[in-house]
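Values quoted throughout were computed directly from the atomic coordinates according to the rules given, and no laboratory measurement underlies them. Because the structure is a prediction, the values reported are computed rather than measured. Cβ coordinates were reconstructed from backbone atoms using ideal geometry, including for glycine residues, and neighbour counts include every protein chain displayed.
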Amino acid sequence: MSGKSKKEAEDFKTDDLVENQEIKDQKTEEEVEKVKEVISDADLLKIEKDKFLRLFAEFENYKKRTSKERIELYKTANQELMTVLIPILDDFERAVTEITKVKDKNLLKGVELIQNKFKSTLKQKGLEEITVKSGDIFDADLHEAITIIPAPTDDLKGKIVEVIEKGYKLGDKIVRFPKVITGQ
């Protein structure tokens, strides 16, 4: 084969490839046109309606999620302030205990009024005392064990012997765990 005929053969192959690609492109365009003809206006409306409903559902989920996050943030927004104020509640209880020893009724009455007002204000803001008493079953998720001592009686084994410090929660979240002594 001469150099010219090789070149002609390559050109022929290239022309064939280009022609075949054009035919394929025409077929795909024809297929697309057939699909468009098959899909009626009603089908297009159904597709658009489905897209709209999905978008609407996503937006509703977004609204619910942000609303829930906002409520959660509102409930715990005062958490830092409450953790600072809880020791003041403890101080009031110690003050009332010491004043009762002195037996000054007017001073006791004044301190109790302030203490009650302070407690009620914190309660309005969502702070609740966790009630724990001696004899309750110790739960590591709800209580903080300071120490374990031999149980004074058999019925106090694995239970709370004494409450050292009260616990508080803000909404459903515990801001300070009650500190307890447990029996072994």
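Specify which residue in the list Phe59, Phe118, Val96 is farthest towards the positive end of the charge dipole of segment 41-118, using unit charges on the beta carbon of Lys, Arg (+1) and Asp, Glu (-1), about the Cα centre.
About the Cα centre, the residue reaching furthest to the positive side is Val96.
So how do Arg176, Arg54 line up by other beta-carbon neighbours within 10 Å, fewest first?
Working: Arg176 19, Arg54 10.
Fewest-to-most ranking of Arg176, Arg54: Arg54, Arg176.
Which distance in nm do the two modelled labels at Asp141 and Arg94 give, with both placed 7 Å along the Cα-to-Cβ direction?
3.3
Strictly over 18 Å apart at the Cα level, which of Lys117/Lys173; Lys123/Lys179; Lys105/Lys133; Lys68/Lys123; Lys123/Lys169; Lys123/Lys166 would you flag in this model? List each step's numbers first, then the result.
Working: Lys117/Lys173 23 Å; Lys123/Lys179 21 Å; Lys105/Lys133 28 Å; Lys68/Lys123 22 Å; Lys123/Lys169 10 Å; Lys123/Lys166 15 Å.
Flagged as over cut-off: Lys117/Lys173; Lys123/Lys179; Lys105/Lys133; Lys68/Lys123.
Can you put Leu170, Leu73 in order, fewest other beta carbons within 10 Å first? Walk me through the numbers on the way to the answer.
Working: Leu170 21, Leu73 9.
Neighbour counts put them in this order, fewest first: Leu73, Leu170.
With no solvent and one equal point scatterer per Cα, compute the Debye intensity ratio I(q)/I(0) for segment 27-144 at 0.11, 0.13, 0.16 Å⁻¹ and report its log10, rounded to two decimals.
Scattering profile of segment 27-144, log10 relative to I(0): -0.68, -0.81, -0.99.
Of Thr153, Ile137, Gly167, whose Cα points farthest to the positive end of the dipole of segment 128-184 (charges on the beta-carbon: +1 Lys, Arg; -1 Asp, Glu; origin at the Cα centre)?
With unit charges placed on the Cβ atoms, the residue in question is Gly167.
Multiply the residue gap between Glu69 and Ser120 by 0.36 nm, knock off their C-alpha separation, and tell me the result in nm, one decimal place. Walk me through the numbers before you get to the answer.
Numbers: separation 51, 0.36 × 51 = 18.36 nm, distance 2.67 nm.
Result: 15.7 nm gained on full extension.
Considering only the other residues whose Cβ falls under 14 Å of the Cβ of Glu60, what net charge follows from Lys and Arg at +1 and Asp and Glu at -1?
Working: positive: Arg54, Lys63, Lys64, Arg65, Lys68; negative: Glu58.
Charge balance near Glu60 sits at +4.
Whole-Hz ³J(HN,Hα) for each residue in segment 66-81, computed from phi via Karplus 6.51 cos²θ - 1.76 cosθ + 1.60 with θ = phi - 60°, x for glycine and proline: what do you get?
Once rounded to whole Hz, the list reads 5, 5, 5, 5, 5, 5, 4, 5, 5, 5, 9, 5, 8, 4, 5, 5.
5 Å is the cut-off here: which amide hydrogens, built 1.01 Å from N in the peptide plane, fall below it relative to Glu165, excluding neighbours closer than 5 in sequence?
Lys179
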